Structures are given as structure tokens and as C-alpha cells.
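The structure appears below as C-alpha cells.
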Amino acid sequence: MLKELGLPQASIRYDDNFLDSQLAARFFQSLKAEVLWQQEDIFLFGKSIPQPRLTAWYGSEDYCYSGLVMKAQPWSATLLDLKMRAEMATGFSYNSVLLNFYRNGQDSMSWHSDDEAELGPEPAIASVSLGEQRMFHFRHKLNKQLKHRMRLANGSLLVMAGQTQRYWQHQLPKTRRFQSERINLTFRYIFPELGKANR
């Protein structure tokens, strides 16, 4: 069951047992084999660098972030199954999903907010974790004293909605402690007309 974290100016809920271990393992193996994984380059501080993880984008709409345009691949049966489960658990609808494959503890995600225009003013993002558990960090954009750390378990679901992206950043840092493979899916709803209006 999803439980509210209680962070100010945010709506963040977490369920550490969204999928049982056997179902999570089945989804992990299917996605590892089926997904068209790529290591894309992104532009940071005027330089093109390879992302420290593998990524893929599926759904009905393309997506643009950090100067990278991701072309949508068609939904697979596995992804549609997970999408339906996420929609039932969260009460939100999704038309796209970003997948990240963390090959070991050196793969990571830097500080950011999912606040691109095409996500709308208050995006609802459902994050499903499969495989190795990893630490996940939050920090408030304005009040530097507001921070939160949590462990994302295998088969867990984290939902970030409301004003979360407006006031908070999040990251998945490098680690020497957790070194096995992890797949993360972030389901979201893309409004292409909002993205075009802001370009």
C-alpha cells in the first residue's frame, strides 16, 4: 500500500511491496532481454558526455530532456502489464515510460527535477524499481536544510506528484555498497502541445 512520506511542498508516496519478489524477478529478466537499451550522450555544462547508465523510451510520444530527443518505441506486452499495474495503484494515467538500466553501483543519476514543459505543471510520475536496491535522495530547491534519503527496494513503487518537481530535486548516487544490476521505470504522461508551446 502506498504511504505518504510527509515532505513539505510535495506529494510523495511509497510502497516497498508493490510487486512480490518472484514477480519482480520475472519482470526484471523480461525487460533486461526485451528492451532496446542504449547509452545516449547528453549535454552538461556545454559538453557532450555519455550517460552513466543505459536508457530506453517507450510509449506514444517522443521526449526531450538535457538536449536529448528520445524517440518513442512501441509498447511491449511486458511494459503494458506494468503500466496497468502502476495506473491501478496510483490512480493516474500514463502514456510513456523512461527506463534506466543501472549495470552496477557506478551507474547513477545526478540531481534533477522532472519539470520539462511537456510533463505539465504538476506531473505525476510512478517509479518502479526492479533488481538491486539503491539509495535515493531528495533535496528542497529553496530550503537547503530539507533533505530526505530512502532505500528503493526490489519491487517497490514510488509516486511523485503535485508540486514535488517544482520544489524538490532527486538523485540516485554512485555507491560501492550496492553493485548488482537494477532496472527502474518512470511512468509519466506527456502533453506534446505543452512542449511545443515552450520551444
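The values are calculated or read from the model by the stated rules, or taken from the named source; none is laboratory data. Keep in mind that this is a model prediction, so the values were computed, not measured. With ideal geometry, Cβ positions are generated from the backbone for all residues, glycine too; neighbour counts draw on all protein chains shown. The area values use the complete protein model at the heavy-atom level, side chains included, leaving out ligands, DNA and RNA. Shrake-Rupley method; radii C 1.70, N 1.55, O 1.52, S 1.80 Å.
The table that follows gives values for the structure above.
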{"read-out": "Strands (runs of 3 or more DSSP E) fully within the stretch 107-199 counting 1 or more residues that are within 13 Å of the chain's Cα centre (by Cα) and of a type in the set (A, V, I, L, M)", "value": "109-112, 125-131, 147-152, 156-161, 168-172, 182-188"}
{"read-out": "Selection count where residues are over 17 Å from V159 (Cβ atoms) and part of a strand (DSSP E or B), scope the stretch 72-98", "value": "1"}
{"read-out": "Looking only at the stretch 17-34, and only at residues there that are over 22 Å from D107 (Cα atoms) and of a type outside the set (K, R), the one that is surrounded by the most Cβ atoms within 10 Å (Cβ to Cβ)", "value": "F18"}
{"read-out": "Residues located in the stretch 1-44, provided they are under 16 Å from M150 (Cα atoms) and without any contact (Cβ under 8 Å) to a residue 40 or more places away in the chain", "value": "K3, E4, G6"}
{"read-out": "Evaluation of G6 against (1) at negative phi; (2) in a loop (DSSP other than H, G, I, E, B) (one fails), failing number", "value": "(1)"}
{"read-out": "Matching residues, the stretch 6-53, being of a type in the set (D, E) and at pLDDT 95 or above", "value": "D15, D16, D20, E34"}
{"read-out": "Selection count, the stretch 164-199, where residues are at pLDDT below 95, of a type in the set (G, A, S) and open to solvent by 10 Å² or more (accessible area, probe 1.4 Å)", "value": "1"}
{"read-out": "Number of the exception - L68 against (1) open to solvent by less than 20 Å² (accessible area, probe 1.4 Å); (2) closer than 13 Å to N184 by Cβ", "value": "(2)"}
{"read-out": "Exclusive hit being of a type outside the set (G, A, S) and surrounded by 14 or more Cβ atoms within 10 Å (Cβ to Cβ), set W111, W37", "value": "W37"}
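Conditions tested, residue by residue: (1) touching a residue at least 40 places away in the same chain (Cβ under 8 Å); (2) touching a Leu at 6+ places or on another chain (Cβ under 7 Å); (3) over 22 Å from G91 (Cα atoms).
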{"residue": "F136", "(1), (2), (3)": "no, yes, yes"}
{"residue": "R151", "(1), (2), (3)": "no, no, yes"}
{"residue": "N154", "(1), (2), (3)": "yes, yes, no"}
{"residue": "M160", "(1), (2), (3)": "yes, no, no"}
{"residue": "F178", "(1), (2), (3)": "yes, no, yes"}
{"residue": "F187", "(1), (2), (3)": "yes, no, no"}
{"residue": "L194", "(1), (2), (3)": "yes, no, yes"}
